[in-house]
1. Long-range amide H contacts for Gly138: which residues qualify at under 5 Å (H placed 1.01 Å from N, peptide plane, sequence gap of 5 or more or a different chain)?
2. Arrange the residues Lys146, Lys48, Lys77, Lys41 by how much accessible surface each exposes, largest first, with a 1.4 angstrom probe.
3. To the nearest 10 square angstrom, what accessible area does His129 show with a 1.4 Å probe?
4. Using a 1.4 Å probe on the protein heavy atoms only, what accessible surface does Ile109 show? Give it in Å² to the nearest 10.
5. Between Ala117 and Glu45, what is the label-to-label distance in nm when each label sits 7 Å out along the Cα-to-Cβ direction?
6. Region 66-140: D in µm²/s via Stokes-Einstein (Kirkwood Rh, Cα pairs, 20 °C, 1.002 mPa s)?
Amino acid sequence: MKRRYFLEAGGVILGGGWLSQYLIDKSKVIATASSKFEITKTEEEWRKILTPPEFYVLRQHGTERPRSSSLDKQYAKGTYICAGCNLPLFKSETKFNSGTGWPSFYAPIPGAIATSADNSFLMRRTEVHCSRCGGHLGHVFNDGPKPTGKRYCMNGVALKFVEA
């Protein structure tokens with residue numbers, strides 16, 4: 001009986017590993033030399049200018065732990081810029097406390113972001129990128145406050161704050 005459970009557990013682990021290649025698109029490292037963004041760099045060039053957590057989020061589509069960013073509770077007047085290329089992305093006037101543990105905004109600066117479909121982990125979400133370097137910033141949801149009804153849920157490590 002124990003052998004059967006061991007074999008079933010092994011099958012689940014192996015099957016999960018095999019299935020994960022279809023649930024997580026490992027090719028989503030963006031903004032390489034052949035991409036369509038204004039600022040393009042090789043993986044090695046990005047690694048030289050970004051910290052490991054910044055590289056993980058911006059270039060490998062990672063997510064930081066909730067409540068780990070000091071920017072979540074930052075409410076001074078200023079501008080949030082891309083940690084990869086310094087493009088202004090969000091104004092402090094559009095920031096709100098979503099309670100999610102990540103910095104949230106109801107509107108970006110016009111032209112600052114790009115979006116794409118994210119179908120990983122059996123979910124359908126809209127991924128948000130920097131329009132200049134293609135860095136992954138977070139996701140946008142339709143449960144935000146007025147006037148837009150949007151919640152741009154951003155990784156704090158993908159942003160830098162410039163006080164006004």
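1. Sorted by chain and number, the residues that satisfy this are Val128, Asn155.
2. Lys146, Lys48, Lys77, Lys41
3. 10 Å²
4. Accessible area, nearest 10 Å²: 40 Å².
5. Placing both labels 7 Å beyond Cα along the Cβ direction yields 3.1 nm.
6. Reported coefficient: 165 µm²/s.
The values are calculated or read from the model by the stated rules, or taken from the named source; none is laboratory data. Quick caveat, the model's predicted, so the values are computed rather than measured. Here Cβ is always computed from backbone atoms with ideal geometry, including for glycine, and neighbour counts include all displayed protein chains. Quick note on the areas: whole protein, heavy atoms, side chains included, nothing else; ligands and nucleic acids left out. Shrake-Rupley method; radii C 1.70, N 1.55, O 1.52, S 1.80 Å.
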